[in-house]
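Nothing in this text is a laboratory measurement; each read-out follows from the coordinates by a stated rule. Owing to the predicted nature of the structure, the values given are computational and were not obtained by experimental measurement. Every residue, glycine as well, gets a Cβ built from its backbone with ideal geometry; the counts of neighbours run over all protein chains shown.
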Amino acid sequence: MPRVALFPPIAALALLLAACASVPPVPPRALPPPVDEPFTIDGRLSARRGSDAIAVGFAWMHASPRDDLVVQTPLGQTLAELTSDASVPQAEVRMADGRREVARDWATLTERAVGFPLPLDGLVWWARGAPRAGAPHSVEIDSVGRPEVLRQDGCRIVYAYVDESTRRPSRLDLVCHDLEVRIVIDGWRPS
């Protein structure tokens, strides 16, 4: 085989590499600044920390500064009603058996009520596919401009959507330190 026959493919490869090197990089897309709009969602939540686990249904109404969260068994029986008001700041849980507890924040309250410190202050934002306002974060955007992976407050949130035209997430998989949480959003309702 003559040496000249090898040169054209090598030259073509060199030209191709040179052309690729001169293409400017595509700037990363960023999320729009978060807006704290009211929402109401119904869904299911499962959480695991070590060998402890829970699975519940929920109805959550957010209208800043207030949040109301009804936690139910998988069969629909109310287990607890959680309420918070960021202007106070105070969170309260009323258990189905009549017990009432008050705490300064959601994490403390949910630790007492369900055994896990759920990061609900972050979830107010993360459920909408947005980073918590005013806190450092990183985000990976999917091919249609929606968040695919969000990292914030020591948590990694992975999003799933019903289809490519849907802007709101239908599932969130969270890993926060030793806590794993899966949230399936069955429906978004106007608030």
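Odds and ends about this structure:
- In the range 101-191, trypsin sites (Lys or Arg not before Pro) in a DSSP loop with at most 14 other beta-carbon atoms within 10 Å: 104, 167
- Averaging the Cα positions of each part gives two centres, and for the range 130-191 and the range 69-111 these lie 23 Å apart.
- Taking θ as phi - 60° and the Karplus parameters 6.51, -1.76 and 1.60, the scalar couplings of the range 125-141 work out to 8, 4, 4, 8, x, 10, x, 5, 4, x, 10, x, 7, 9, 9, 10, 9 Hz in sequence order, x denoting glycine and proline.
- Net +/- balance of residues flanking residue 176 in space, Cβ distance below 10 Å, scoring K and R +1, D and E -1: -1
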